[in-house]
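Let me begin by presenting the structure, written as structure tokens, before commenting on it.
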Amino acid sequence: MDMVSRLVAERPVVIFSRTTCSMSHAIKTLILNFGANLTIYELDEIPNSQQVERELVQLGCQPSVPAVFIGQQFIGGANQVMSLQVTNQLVQLLIRAGAIWI
């Protein structure tokens, strides 16, 4: 998990995505609409993406994208993020991580 840990370190929100993944696009748009400070790693555009993808699968990402980390904690994929949104917990996580200021 070294590669993922390094990419996630000290960033309030990190999303691992693919440029062609519609669910990744939806999750990125949702979080960006809050004005969140986020870092996006497109697995089809970064070097060592196969290693990153293997580490994401080891974390339980099935499929491997989108994979969302908030406050260096692995949140999950699209279903988990949407569940947080529906239950009004997503904004609080973003605030606690320092990704948004209200």
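Remarks
- Close pairs from segment 1-17: first in contact (Cβ under 8 Å) with a residue 24 or more places away in the chain, partner hydroxyl-bearing (Ser, Thr, Tyr) and crowded, with 20+ Cβ neighbours inside 10 Å, Cβ under 6 Å, at least 6 apart: SER17/SER24
- When segment 1-18 is limited to residues that are assigned to a loop (DSSP other than H, G, I, E, B) and under 14 Å from the mean Cα position of the chain (by Cα), the one that is surrounded by the fewest Cβ atoms within 10 Å (Cβ to Cβ) turns out to be GLU10.
Yes or no, residue by residue, for (1) touching a strand residue (DSSP E or B) at 6+ places or on another chain (Cβ under 6 Å); (2) under 12 Å from ALA78 (Cβ atoms):
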{"position": "MET3", "(1), (2)": "no, no"}
{"position": "VAL8", "(1), (2)": "yes, no"}
{"position": "ARG11", "(1), (2)": "yes, no"}
{"position": "ILE15", "(1), (2)": "yes, yes"}
{"position": "THR19", "(1), (2)": "yes, no"}
{"position": "ALA36", "(1), (2)": "yes, no"}
{"position": "GLU42", "(1), (2)": "yes, no"}
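- Filter result for PRO47 (at pLDDT below 90 and not basic (Lys, Arg)): yes
- Filtering segment 32-54 for residues that are in a helix (DSSP H, G or I) and closer than 17 Å to ALA97 by Cα leaves a non-empty set.
The values are calculated or read from the model by the stated rules, or taken from the named source; none is laboratory data. Since this is a predicted model, take the numbers as computed values, not measurements. Every residue, glycine as well, gets a Cβ built from its backbone with ideal geometry; the counts of neighbours run over all protein chains shown.
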